[in-house]
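Take a look at the structure set out below.
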Amino acid sequence: MSAEKKPAAKPAATAKKGAPKVSKATRFGWMSLFVGVALASAFFASTSVLLFVGMLPTLVAFITDRSPGKMAALSISVLNLAGVMPFVINLWRSGQGLAATFQLLAQPYTWLVMYGAAGIGWSIYHYLPKFVATYVAYRAQSQLSDLQGLQKKLLEKWGPNVAVLAMRNAEAKKQS
Amino acid sequence: MAGVPVDLAGRIEIFPSAPLPWLNEPHAKAYAARAKGESRSTLYALICDEGLPVRGEAFANFMNSDSAALVRFRDQGVVYWPLTDQAEQIVVLSRPAGPRLDQLLAEPQQPMEDQLLVQFFVRPMADLLIDLAKRGLTHGNIHPGNLFYNTRLNEVQAGEAVSGPPSYAQPLLYTTIERGQCTPIGRGAATAADDLYALGMTGLVLALGYNPWANLTDEELLRVKIDRGSFFGLVGELRLKGSLIELFRGLLDDNVRRRWDLNDLDTWLSGRRPQARVSENDLKPSRGFTLNGTDYNSLRGLVHGLTKEPMAGAAVIESGELDRWLVRTLSSDRHAGLLKKATSVFLDGNRTATFQDQLVARAAIVLDPQGPLRYRGTALMPSGAGYALAGLMIKGGNIQPVVDIISSPLTSMWVDEQYEGRGDHLQTQQQIEQSRAYMEKRTIGFGVERVIYEMLPAQPCLSPLIRKSQCRTVADVLTALEKIAGDNVKREPIDRHIVAFLMARERRINQAMGSMLGAPEGSADRALGIVRLLSDAQSRQGPENLPGLTNWAVHMLEPAIKRFHQKELQDKVRGELQRLGKGGNLSALLEAIDNPILLAEDQQEFEIAMQMYAQTVKDIEDLQADIQNRAAVEGRVGQPIAAGIAAVVGFLAIGMVVLLSVMGIYL
């Protein structure tokens, strides 16, 4: 009976093992950010409101971007910040009141600059990879014909055995 | 002399258009011949039967004999013989000075006077045998059909004894019982005792003036000799003069220990009486032994019967009937003991398909040690095994019994039982032991073929490829291969016979080459092995220039060329070989193809090329994947680049905003 029960315990163990681990450093980072944001919100409320509203595209991008490395969020966030930065400076120059914040937010120009910068970031993220992929494909095509030329030369010099034995060796290597 | 003569090495001219039938041997035809430069034909050439091994190794010794009682051996060799359209082995001899004695005895003659017989026949023959003995030779073919009447000297002259196997043509009347029991081709080298027996029997016929036993068959003659003894059985009621009786009794004694030797004959010829030889008397059974309805009244006769009917023979041995007869009727516990010793272990062992034959063969050896080795219908003397093997192989006969005899312990048993005075058997045993070792090795260069060439030093190569050329030396083989090279390039220039022949005739050839030659046909190793063997043979004995054979080797070496991986190198080596092929030197060919440094370099470069090829295959796969799956490239390459560029642009913009604000410029 006990012998039958034992294997059942294993999947549980593997499931525990398979669960994503959150490292202590990451946990500490998030905690620090939360504390920092909370403190900043408490001491710089007007700036925080502006940043929160202005950086909403970044927040949305971080939440929706599931890609490894969060490249879309990264592309949007820096330019989004660049779009928000002139208004933060203006706010600080005018004394950091909530009224000044709302005054800034009441102007369409503010929204256009903050979200436009984020849009530029998104555009770069959206269009540039396609251009890069086209370039990579073009370059690969050229490399491909170079490599095929090299193969042809090897076959001419060494005969078909060079291919047969190379593939056999590679296969053997893979199996071993 | 009419017709175009055939030339033998520039020394002798032979005339195919001038046959000399009266000088024919049963296995060799005679033709007129003359020495180069002589105007008169005083010689004759015997064209040896292609189907029989000859006793060529003894020729040189015979040629050195200057005895007047022997025809002069003048020359030997191989010539192209137009009548058979192939090469033939020939023996050239001086023409005898008179007719054959059997021609004279065709009609009964007056009995020869004692003195005349001695002067005309016994003394010249004794002198001849003594002369031959000094040269380590025996004749082996003494009988009236091979003796000539030398009219000039009024004495006999013995004919040749080398154009076939030893004693092959000797009629059974003139052979001892044991040699008469042999298959003619397996009689082996005669001993002086055998020659003395033949001398005695021939003398007896001459003394009588005719052959009274001409009407008896060989089996009848053998039976008389065995049952009643050669002298008493054959002479019987015939009248002989007293002075000769002693001579014939001494020479025709069937017991080799009692038979006169050359000293005894010499003593008798000098008018003295030879010392009596003491030996165990032949046992006489009180009653015969009946085997399959035939009565045998002597032990030797019974053994002969057992070997003729091995099934019945084995049955009486197994049942103990033979043992009881030996003890009770022959009164010989010694023979019964020998039989038991020879067969008991064998009887207790595993029974194979040849059990009966082996059992009878063992019994025959101990009960009739003087007799030949008798096994599965073949009877031979151990020294005749090589001739029997070669003869059977040439004619496509069943060689298995002879192979079995050589491979089995029968020969050693036989030698152990021989009369200790016969030292030649020890030499035979050594030869058989060596042959057994060769037989056990199955690789090319050994086996039955090797045994033939080891046992028969003058045997031409029996390879079907070059058999018609009658090659007797390594150089002959290479020359013969050179001749057939043009038509045979698609097959190999060797077979088991050629390899065995070359290894036997040239000891310096690496004997371990057999394993290399054992590689599969068409492989590089085998091709290299063949060329190595042939080049070794050429450098040691062969002709210097063999363009045909070298070109043949070039064709065969294609698999060896392909050991080089680089095609350019292959073409280079191929071109080099073709160039060297015209030079006719096999060693040069070998040097060009068997270059270990070049091979190692080529292998090293090939391995690098293989790695490169494998890498290109992997790279091409990757590139094709990039081309086909652009979305992945976008994600893997494009997005990080885009993120990087966006980040750089963003940070520059932030920097610029900060800088402008510091400068007092606000957006």
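The values are calculated or read from the model by the stated rules, or taken from the named source; none is laboratory data. This structure is a prediction, so every number in the text was calculated from the model and none was measured. Glycine also receives a Cβ, built like all others from the backbone with ideal geometry; neighbour counts cover every protein chain displayed. We work out accessible area using only protein heavy atoms, side chains counted, and drop any ligands, DNA or RNA first. Shrake-Rupley method; radii C 1.70, N 1.55, O 1.52, S 1.80 Å.
Tell me, what HN-Hα J-couplings in whole Hz come from the Karplus equation 6.51 cos²θ - 1.76 cosθ + 1.60 at θ = phi - 60° for each residue of the stretch A:141-158, using x for Gly and Pro?
4, 5, 5, 4, 5, 4, 5, 5, x, 5, 4, 4, 5, 4, 5, 5, 7, 10
Please compute the average number of Cβ atoms from other chains found within 10 Å of each residue's Cβ in peptide B:566-575.
2
In the Gaussian network model of chain A, springs joining C-alpha atoms below 10 Å, which of A:SER41, A:SER123, A:SER145 carries the largest mean-square fluctuation?
A:SER145
Please state the equivalent ellipsoid semi-axes for the stretch B:361-514: what are the square roots of 5 times the Cα gyration tensor eigenvalues, largest first, in whole Å?
33, 15, 13
Can you list residues whose amide H is under 5 Å from B:LYS29's amide H, if they're 5+ apart or on another chain and H is modeled 1.01 Å from N?
B:ILE47
Only Cα pairs within less than 10 Å get springs; with that Gaussian network setup on chain A, which residue of A:GLY69, A:GLY119, A:GLY83 has the largest fluctuation?
Evaluated over chain A, the most mobile residue of the options is A:GLY69.
If each Cα of the stretch B:538-592 is one equal point scatterer, what is log10 of I(q)/I(0) from the Debye formula at q = 0.24 Å⁻¹?
The Cα Debye sum returns log10 ratios of -0.86.
Which three semi-axes in whole Å describe the equivalent ellipsoid of the stretch B:334-413, each the square root of 5 times a Cα gyration tensor eigenvalue, listed largest first?
After scaling each eigenvalue by five and taking roots: 24, 14, 8 Å.
Hey, can you find the accessible area per residue of the stretch B:312-466 for me, probe 1.4 Å, expressed in square angstrom?
For the stretch B:312-466, the per-residue accessible area is 40 Å².
How much net charge surrounds A:VAL132 when only the other residues with a Cβ under 14 Å from the Cβ of A:VAL132 are counted, with Lys and Arg +1 and Asp and Glu -1?
Residues close to A:VAL132 contribute a combined charge of +2.
As a test question: what accessible area, to the nearest 10 Å², does B:LYS572 have when a 1.4 Å probe is rolled over all protein chains in place?
150
Give me, ordered by chain and number, the residues 5 or more places off B:GLY77 or on other chains with an amide H under 5 Å from its own placed amide H.
Amide H neighbours of B:GLY77: B:ILE90.
Per residue, how big is the convex hull around the C-alpha atoms of the stretch B:458-522? Give it to me in cubic angstrom, could you?
Hull volume normalised by residue count: 82 Å³.
Using a ≥ b ≥ c from the Cα gyration tensor of the stretch A:120-176 (square roots of the eigenvalues), is it rounded, prolate or oblate, where a/c under 1.5 gives rounded and otherwise the larger of a/b and b/c decides, a/b for prolate?
In terms of gyration-tensor shape, oblate.
At A:GLN141 and A:GLN107, where each label point lies 7 Å from the Cα along Cα→Cβ, what is the point-to-point distance in nanometres?
5.0
For the stretch B:423-470, I need the span (max minus min coordinate) of the C-alpha atoms along each principal axis, in Å, sorted largest to smallest.
38, 24, 8
Ranked by accessible surface with a 1.4 Å probe, highest first, in what order do A:TRP122, A:TRP30, A:TRP92 come?
Reading off the accessible areas and sorting them downward yields A:TRP30, A:TRP92, A:TRP122.
In terms of the Cα gyration tensor, with a ≥ b ≥ c the square roots of its eigenvalues, is the stretch B:131-266 rounded because a/c is under 1.5, prolate because a/b exceeds b/c, or oblate?
Rounded, since a/c falls under 1.5.
Place a point 7 Å from the Cα of B:ASP7 along the Cα-to-Cβ direction; which residues of the stretch B:31-65 have their backbone N under 18 Å from it?
B:33-39
Filter the DSSP H helices in chain B by two things, a Kyte-Doolittle mean of at least -1.0 and an axial alpha-carbon span of 30 angstrom or more, and list the hits by number.
Membrane-span-like by this criterion, though nothing is claimed about a membrane: B:596-628, B:639-662.
What does the charge add up to near B:GLU506, with Lys and Arg as +1, Asp and Glu as -1, over the other residues with Cβ less than 14 Å from its Cβ?
+4
Can you give the accessible area buried between chains A and B, summed over both chains, with a 1.4 Å probe, in Å² to the nearest 100?
4000
Please compute the per residue accessible area over chain A with all protein chains in place, 1.4 Å probe, rounded to a whole number of Å².
Each residue of chain A exposes 67 Å² on average to a 1.4 Å probe.
If you average 1/r over every pair of different alpha-carbon atoms in chain B and take one over that average, what Kirkwood value in Å do you get?
About 30.1 Å, per the Kirkwood formula over Cα pairs.
Given the C-alpha atoms of the protein assembly as shown, compute the convex hull and give its volume per residue in Å³.
Given the Cα convex hull of the protein assembly as shown, per-residue volume reads 287 Å³.
With a 1.4 Å probe and all protein chains in place, put A:LEU56, B:LEU339 in order of accessible area, largest first.
A:LEU56, B:LEU339
What figure in square angstrom, to the nearest 10, would you give for the accessible area of B:ASP85 with a 1.4 Å probe?
100
Using a basic spin-label model with each label point 7 Å from the Cα along Cα→Cβ, how many nm lie between B:VAL345 and B:TYR80?
5.7
Compute the convex hull volume of the Cα atoms of the stretch B:72-152, divide it by the residue count, and report the result per residue in Å³ as a whole number.
Convex hull volume per residue, Cα atoms: 138 Å³.
Counting each DSSP H run of 4 or more residues in chain A as -39500 (n - 2.57), what helix-only mean residue ellipticity at 222 nm follows after dividing by all residues, to the nearest 500 deg cm²/dmol?
Calculated mean residue ellipticity at 222 nm is -30000 deg cm²/dmol.
Report the calculated FRET efficiency for B:ASP295 and B:ALA353 (r = Cβ-Cβ distance, R0 = 35 Å), to the nearest 0.05.
Calculated value: 0.70.
Expressed as a whole percentage, what fraction of the accessible surface of the stretch B:249-380 belongs to carbon and sulfur atoms when a 1.4 Å probe is rolled over the protein heavy atoms?
Within the stretch B:249-380, the accessible surface is 44 percent carbon and sulfur.
Provide the solvent-accessible area of B:GLU621, counting protein heavy atoms only and rolling a 1.4 Å probe, rounded to the nearest 10 Å².
For B:GLU621, the solvent-accessible surface is approximately 110 Å².
Only helical DSSP H runs with n ≥ 4 go in: add -39500 (n - 2.57) per run for chain B, normalise by residue count and round the 222 nm mean residue ellipticity to 500 deg cm²/dmol.
-14500 deg cm²/dmol
Sorting B:VAL71, B:VAL637 by accessible area (1.4 Å probe), largest first, what list results?
Order by accessible area, largest first: B:VAL637, B:VAL71.
If the chain between B:ASN629 and B:GLU440 were fully stretched, how many nm would it gain, using 0.36 nm times the residue separation less the Cα-Cα distance?
Stretched fully, the B:ASN629-B:GLU440 segment lengthens by 61.2 nm.
How long is the gain from A:SER48 to A:TRP92 if the chain were fully straight, where each residue apart is worth 0.36 nm and the alpha carbon distance is subtracted?
Contour length minus Cα-Cα distance gives 14.7 nm.
What is the average number of partner chain Cβ atoms found within 10 Å of a Cβ in A:80-89?
Mean partner shielding for this stretch: 5.
Considering the convex hull of the alpha carbon atoms of the stretch B:291-427, report its projected area averaged over all viewing directions, in nm², one decimal.
The Cα convex hull of the stretch B:291-427, projected and averaged over all directions, gives 8.8 nm².
What list of ³J(HN,Hα) couplings, whole Hz, do you get for the stretch B:372-382 from phi and the Karplus terms 6.51, -1.76, 1.60, once you set θ to phi - 60° and write x for glycine and proline?
x, 6, 10, 8, 6, x, 10, 10, 8, 7, x
Just to be sure I understand: with springs between alpha-carbon atoms less than 10 Å apart, which residue in A:LYS70, A:LYS152, A:LYS130 has the highest mean-square fluctuation in the Gaussian network model of chain A?
Comparing A:LYS70, A:LYS152, A:LYS130 in the GNM, the peak value goes to A:LYS152.
Which number do you get for Rg(Cα) / (2.2 N^0.38 Å) in the stretch B:197-353?
1.27
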